[in-house]
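Let me begin by presenting the structure, written as structure tokens, before commenting on it.
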């Protein structure tokens with residue numbers, strides 16, 4: 001299950017992280033972050049963490065992409081469409 005983690009402050013959210021996959025030996029996370037120097041772009045980073053490695057706290061970047069906000073919205077719509085079409089667990093899909 002994926003759970004987004006955000007800070008509960010009055011400042012605007014600049015970064016969100018969620019778990020894509022987790023087991024006893026492996027964790028994969030997705031981070032979505034604003035880029036201050038490029039206000040029209042958002043950075044998406046997938047990181048992996050092998051818990052049986054010599055340094056289990058070390059995270060490796062698996063993929064990184066910078067996309068425009070419109071494409072981020074299209075990604076959200078595509079995920080929502082997939083969940084609706086695949087008959088997800090009945091949880092509401094927010095927009």
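Read the figures in this text as sums done on the coordinates, not as results from a lab. Computed from a predicted model, the values in this text were never measured in an experiment. Every residue, glycine as well, gets a Cβ built from its backbone with ideal geometry; the counts of neighbours run over all protein chains shown.
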Subtract the Cα-Cα distance of residue 85 and residue 67 from 0.36 nm times their separation in residues, and report this length gain in nm to one decimal. 4.0 nm
Given a Förster distance of 25 Å, the FRET efficiency implied by the Cβ-Cβ spacing of residue 35 and residue 74, rounded to the nearest 0.05, works out to 0.85
Taking the range 15-68 as the region of interest, what is the percent of Cα-Cα pairs per 10 angstrom bin, listed from the shortest bin to the one with the maximum distance? 25, 45, 22, 8
How high is the FRET efficiency from residue 54 to residue 14, r the C-beta distance, R0 35 Å, rounded to 0.05? 0.60
